[in-house]
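Inspection log for the structure reproduced underneath, given as structure tokens.
The values are calculated or read from the model by the stated rules, or taken from the named source; none is laboratory data. Only a predicted model underlies this, so the values are computations on that prediction, with no experimental measurement involved. As a convention, Cβ positions derive from the backbone with ideal geometry for all residues, glycine included, and neighbour counts pool all protein chains shown.
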Amino acid sequence: MNLEEAKAHKKELDGINRKHSEILQQFETNGMGLVPDNIRATPEWQKAKQDFDRSFAELRKFNAWFVKEFRKKKSR
């Protein structure tokens with residue numbers, strides 16, 4: 001994967017993660033900005049949280065690889 005392809009993939013992963021974040025933020029929060037336990041117990045919230053966690057983990061893993069891979073190539 002070259003730099004341009006990697007940047008395009010990063011942009012795609014950012015978009016997916018942003019979409020999942022927006023879905024998660026649509027749920028009701030209490031005065032402190034936390035999601036109440038009764039909402040956390042719903043299957044809809046649990047699926048949204050699981051989707052967000054997966055997309056965030058994938059983005060984090062890609063970013064770690066991206067920095068390591070292209071720092072090496074830039075320093076050569």
Exercise. For region 43-64, does any single residue satisfy the condition of being over 11 Å from the mean Cα position of the chain (by Cα) and either touching a residue at least 60 places away in the same chain (Cβ under 8 Å) or not in a helix (DSSP H, G or I) (or both)?
Worked result: no
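Go through Glu28, Glu22 for me and flag whichever is acidic (Asp, Glu) and outside any helix (DSSP H, G or I).
From the options Glu28, Glu22, the qualifying one is Glu28.
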Exercise. What about Arg40, is it modelled with pLDDT of 95 or more and not aliphatic (A, V, I, L, M)?
Worked result: yes
For this session: Sort out which residues of region 1-56 are surrounded by 12 or more Cβ atoms within 10 Å (Cβ to Cβ), acidic (Asp, Glu) and under 19 Å from Lys68 (Cα atoms), and write them in order of number.
Result: Asp14
Problem set entry | Test for Met1: is it in contact with a His (Cβ under 9 Å, 6 or more places away or on another chain) and among the aliphatic types (A, V, I, L, M) | yes
